[in-house]
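*Asks:* Structure in C-alpha cells, see below.
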Amino acid sequence: MTGLALSPSLFAFAVAVFAAYVAVLIYFGYDGWKHSNNLRDFILGSSKMNGFIVGLSFGATYASANMFMGVPGMAYTHGT
C-alpha cells in the first residue's frame with residue numbers, strides 16, 4: 001500500500017459512518033421542515049426551543065467565531 005490507501009474493511013467502515021451521518025442530517029432537516037410553516041417559524045424555531053438547545057447553539061456560534069477570528073488574531077499579535 002502507498003500513501004493514504006485504505007484497507008477495504010476500513011474503507012467500508014468510513015463509508016458506513018459517512019452514510020449514517022448523512023442520514024442523521026437528512027432526518028433533522030426533514031423534522032425541521034415539518035415544523036416550519038413560515039419564515040417566522042424558521043427563524044424563531046416556533047418558540048418551542050428549550051434553553052439547552054439555545055445554549056448549544058450559542059456555544060457553537062461562539063466557538064466558531066473564536067476559531068475564525070480569535071485564534072488568527074492571537075497568532076498575529078503574539079506570533080505562532
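Just so it is clear, none of the values below were taken in a lab; they were calculated from the coordinates. Quick caveat: nothing in here was measured; it's all calculated off a predicted structure. Here the Cβ is made from the backbone with ideal geometry for all residues, glycine too, and neighbour counts use every protein chain on show.
*Asks:* May I have the extent of the alpha carbons of the chain along their three principal axes, as whole Å values ordered from largest to smallest?
*Replies:* The Cα atoms of the chain stretch 54, 43, 21 Å along the principal axes, largest first.
*Asks:* Sticking with this structure for a sec: Please give the contour-minus-distance gain from residue 57 to residue 77: 0.36 nm per residue of separation, less the Cα-Cα distance, rounded to one decimal in nm. Numbers along the way, then the final one.
*Replies:* Numbers: separation 20, 0.36 × 20 = 7.20 nm, distance 2.89 nm.
Once the chain is fully extended between residue 57 and residue 77, it gains 4.3 nm.
*Asks:* All other residues with a Cβ under 13 Å from the Cβ of residue 47 taken together, and with Lys, Arg as +1 and Asp, Glu as -1, what is their net charge? Could you put the intermediate results ahead of the total?
*Replies:* Values: positive: 40, 48; negative: 41.
With Lys, Arg at +1 and Asp, Glu at -1, the neighbours total +1.
*Asks:* If each of residue 41 and residue 6 carries a label point 7 Å out from its Cα toward its Cβ, how far apart are those two points in nm?
*Replies:* Output for this residue pair reads 3.8 nm.
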